[in-house]
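Worksheet: the structure to be examined is printed underneath.
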Amino acid sequence: MALGFIPSDAAVLAVQAGIVAAPRRPPTIRWMQRLSGPAWALIPIGSIVGAIFAIRYMSGTATGLTWLALVAIPLLAAAALGWACRGSRPWLAVLAVPLFVLAWASRTTLFGEGAATLLSALSCVTLGVLLGAVTPPRWLKFGIIAMAAADVWLVASDLLQAPNNSLIAAAPLPGSGLPQLQSELFGNVSLGYGDLFVAGLLGAVLAREGRRQWPMALLTLVLAGLFDLLFFVLNELPATVPVALALIGGELWWWHRGRARVRAPVTALAAAQTEATPEVAARWLRLGRLRPRRSP
């Protein structure tokens, strides 16, 4: 059953945005706290740059990554259903089994492609929660932006295409029909694993800071939809960019709100001390003509 580009792309972007909303707050585990440090923030950029150059210059890397994905992704997906996702329950972990079976038995159909994509998405939720638990939020945000910047560089310099094609074509056992979970294919759209992984990182850092994830997920979806309009003139885009842009936009919004909360009491105090209206006091403060008096 064929699916056009627009519905295929919409479905994939919805999955990416859903990953942002899915992670739970990373648990406080003592041994994980002892491992915490900013060095973990190098993993996002290392995962994309390291994999691409390893595939280019080390034969067999693509096949090895295919086997790693085949083994690790279902286990990580089970962990997401049983522990890492919002609303997860231990007994839900068994749902990873029918998803894997469907991805294997119907891998050339939309149902099989959807099951494989969902497995990969769930695995990225688990990875995001684990990495978010050991990486300081500020450093993990830098890691997300650095990963997107590296992705742009790889695409623009034409260093990504050949290794990515090799990775997509690799199979665990040629002829066995085993699912190829190292990259996501749904309908007419192909998405790299890193494009989902970066969304899991964003969701995890938001959860750790106790911030609402659904608004950021919606912002990611909108930005990704606008960004994908470039497909009308380009054949390949770095899909990590909308996630990084959503992060930057969210940080600017929170910074602006934080300034407003601090400034509001100052304006009110100045108005009370000068018997001016808040609007006049705010204008005087901006012009430097008024300084709130400090209490003795």
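The values are calculated or read from the model by the stated rules, or taken from the named source; none is laboratory data. Note that this is a predicted model, so its numbers are computed, not measured. Counting neighbours? That spans all protein chains shown, and the Cβs are built from the backbone with ideal geometry, glycine included.
Among the residues here, Leu196 does not qualify as surrounded by fewer than 20 Cβ atoms within 10 Å (Cβ to Cβ) and within 22 Å of Leu230 (Cα to Cα). Scanning segment 108-129 for residues that are out of contact with any helix residue (DSSP H, G or I) (no Cβ under 7 Å at 6 or more places or on another chain) and either surrounded by fewer than 20 Cβ atoms within 10 Å (Cβ to Cβ) or among the small types (Gly, Ala, Ser) (or both) returns Thr108, Thr109, Leu110, Gly114. The condition (being of a type in the set (Phe, Trp, Tyr), in a helix (DSSP H, G or I), modelled with pLDDT under 95 and more than 23 Å from Phe53 (Cα to Cα)) is satisfied by just one residue among Phe111, Phe100: Phe111. A single entry from Ala133, Ala105 fulfils the requirement of being without any contact (Cβ under 8 Å) to a residue 60 or more places away in the chain and over 29 Å from Arg56 (Cα atoms): Ala105.
Filtering segment 69-90 to residues that are in contact (Cβ under 8 Å) with a residue 60 or more places away in the chain, in a helix (DSSP H, G or I) and under 24 Å from Gly143 (Cα atoms) leaves Ala69, Ile73, Ala84. When Ser183, Ser176 are screened for being free of Cβ contacts under 8 Å to residues at least 24 places away in the same chain and under 14 Å from Cys124 (Cβ atoms), only Ser183 passes.
Residue count for segment 14-35 under the criterion of being within 20 Å of Trp139 (Cβ to Cβ) and in contact with a Ser or Thr (Cβ under 7 Å, 6 or more places away or on another chain): the result is 1. Candidates Leu234, Leu181: the one that is modelled with pLDDT under 90, assigned to a loop (DSSP other than H, G, I, E, B) and either more than 20 Å from Leu99 (Cβ to Cβ) or in contact with a Phe, Trp or Tyr (Cβ under 9 Å, 6 or more places away or on another chain) (or both) is Leu234. Quick one: how many residues across segment 1-34 are exposed (fewer than 15 other Cβ atoms within 10 Å of the Cβ) and either of a type in the set (Gly, Ala, Ser) or in a helix (DSSP H, G or I) (or both)? Here the count works out to 11. When each of Thr66, Thr117 is tested for being in contact with a strand residue (DSSP E or B) (Cβ under 8 Å, 6 or more places away or on another chain) and assigned to a helix (DSSP H, G or I), the lone residue that passes is Thr117.
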